[in-house]
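Heads up: the structure comes next, in structure tokens.
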Amino acid sequence: MSYQPPGVVPARHNERIGRSDERRRIQVAAPLPNTQQAMRRRNLSLVLHAVAAHGPLSRASVAARVGLTRAAVSTLVDELIRDGLLVELGPSRPGTVGRPGSALQLNEHGPAGLGAEIGVDHLAVCAVDLAGRVRARTEAASANRDCAPAPVLTQLSALVRQVAAEAELGGLRPVGLAVAVPGLVARGSSLVVRAPNLGWEGVDIGPELRAALPGLPVTVDNEANLGALAELWRGGHDPAPQDFMHVSAEIGIGAAVVLDGQLLRGTHGFAGELGHVPVRPEGPECACGGRGCLEQYAGEEAVLRASGLSPEEAAAEHPGPGGRIAVLAVRAAIGDQPTRRALRDAGAALGIALAGAVNLLDPEKVVLGGALTPLAPWLLPALERELGRRVADPARPGSGAVTVSRLGPDGPLLGAANSVVQAVLDDPAGFRDPAGAGEPPGIRGSDA
Ligand SMILES: [Zn+2]
């Protein structure tokens, strides 16, 4: 398998993914100079974003949306078609009902983003096309807890190669991989500082993955961050909320904050550690060194114990990825009272911890995502009750409303793959097809 890395570096509108690729990091550090070439690259991105958000669009509609002349847009569109990012749908035959004549759309056979997720008990990899559609996906049960990183990364690399090959068979060109991990990732690097539920500390997973997947740029980010970005880009909201908190959980509990449409990372990249916000200051000791953290009340293991189950029993009852959560969901659904009580208490603890954040940040929404989604029906009532009691002004319309992500447990994985796609949309010139493939076979020609 041969990958074609981008020749140049994406200019990012915001801090989207861990910028772990060294070449990329160096170049991203310096903003593009305000030259004519830099302006052309920005305009290419404007046009591509317009088609991504509103396509299929005619050249005239693109020009109207981006505020450039029709001639300027035509030149940019020609370049994007030549580079294999856009295709022009053929003019519809007279008398037929169908696509608008010579409308532009994203190339379904263009660059692809690969996303991977390292979970506590599973690995997953997917490929998405420029429109964010999942074109290949695989997952494998994998007992990653307290497992050394090397065998996990070897297995992950094999899954990535499998999905990349499948994407290539579908006519796509993988241009980057982003990996979601359940732990703290140092800002702007691929260093997993601490992933307590994997037992990893100070592990830089980038070099090993890059060595196993030559030519493929690799970035690494926290799973909660990527879940929030997936919600922003692909959450099915219209318009997408610009200020929200996204809460997800596997064994730990993570949150991510999006303000003004941008992910809030914090000084070290560690923002969003909701699981270690104290709920009861004199509560049980937590692995972080504190007491009474949210994780001690609403983390998966705490909820299992409160339901009268050990994590091992739950895993045996429902083996495979997401099995322990599934056990809780099944028991709650059939009315098991200890499980329902445990989830109610977890929801209340989540509400207490979130109330502080909502009072501080005034988000439009709180989104429950990731592994929490199957449990939402039993968490939500107590969570909303606590929020309602504690948010300074519960009458603020829309403030702190709680919703459940439509992306389900795959949110972080989709966020990872789509972070690569966003990098393409942000700087298409950096992801030119080196083969100069332009339009793949079977795609109708341009009428330009
Ligand atoms: Zn803690």
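Structure notes:
- Being modelled with pLDDT of 50 or more, crowded, with 18+ Cβ neighbours inside 10 Å and not small (G, A, S) holds for only one residue in R41, R65, R19, R82, and it is R41.
- Check on A228, in contact with an Asp or Glu (Cβ under 9 Å, 6 or more places away or on another chain), of a type outside the set (S, T, Y), touching a residue at least 40 places away in the same chain (Cβ under 8 Å) and outside any loop (DSSP other than H, G, I, E, B): no
- For the stretch 236-271, a residue qualifies if it is at pLDDT below 90 and crowded, with 24+ Cβ neighbours inside 10 Å, and the qualifying residues are S248, A249, E250, G252, I253, G254.
- Index of the failed condition, E300 passing every other in (1) within 16 Å of the ligand (Cβ to nearest atom); (2) more than 26 Å from the chain's Cα centre (by Cα); (3) not aliphatic (A, V, I, L, M): (2)
- Sole exception among (1) in the same structural domain as R161 (by TED's automatic domain parsing); (2) part of a strand (DSSP E or B); (3) closer than 19 Å to S419 by Cβ for G215, by number: (2)
- Verdict on G236 being more than 16 Å from the ligand (Cβ to nearest atom) and assigned to a loop (DSSP other than H, G, I, E, B): yes
- Flag if A329 is more than 10 Å from the ligand (Cβ to nearest atom) and part of a helix (DSSP H, G or I): yes
- Checklist (1) away from the ligand (no atom under 16 Å from the Cβ); (2) buried (at least 20 other Cβ atoms within 10 Å of the Cβ); (3) under 24 Å from A355 (Cα atoms) applied to E295, failing item: (1)
- Close pairs from the stretch 172-185: first not assigned by TED's automatic domain parsing to the domain that holds D221, partner crowded, with 24+ Cβ neighbours inside 10 Å and modelled with pLDDT of 95 or more, Cβ under 6 Å, at least 6 apart: none
- Tallying residues that are assigned to a helix (DSSP H, G or I) and either modelled with pLDDT of 90 or more or in contact with a strand residue (DSSP E or B) (Cβ under 6 Å, 6 or more places away or on another chain) (or both) within the stretch 282-313 yields 9.
- For the stretch 169-199, the set of residues classified as part of a strand (DSSP E or B) and of a type in the set (A, V, I, L, M) consists of V175, L177, A178, V179, A180, V181, L184, V185, L191, V192, V193, A195, listed by residue number.
- Members of the stretch 269-292 found to be within 7 Å of the ligand (Cβ to nearest atom) and within 9 Å of I253 (Cβ to Cβ), listed by number: G275, H276
- Filter result for the condition that a residue is at pLDDT 95 or above, crowded, with 19+ Cβ neighbours inside 10 Å and out of contact with any Pro (no Cβ under 6 Å at 6 or more places or on another chain), over G113, G119: G113
- Number of positions in the stretch 358-400 that are small (G, A, S) and modelled with pLDDT of 90 or more: 2
The values are calculated or read from the model by the stated rules, or taken from the named source; none is laboratory data. Quick caveat, the model's predicted, so the values are computed rather than measured. Methodologically, a virtual Cβ is constructed for each residue, glycine included, from the backbone with ideal geometry; neighbour enumeration extends over all protein chains shown.
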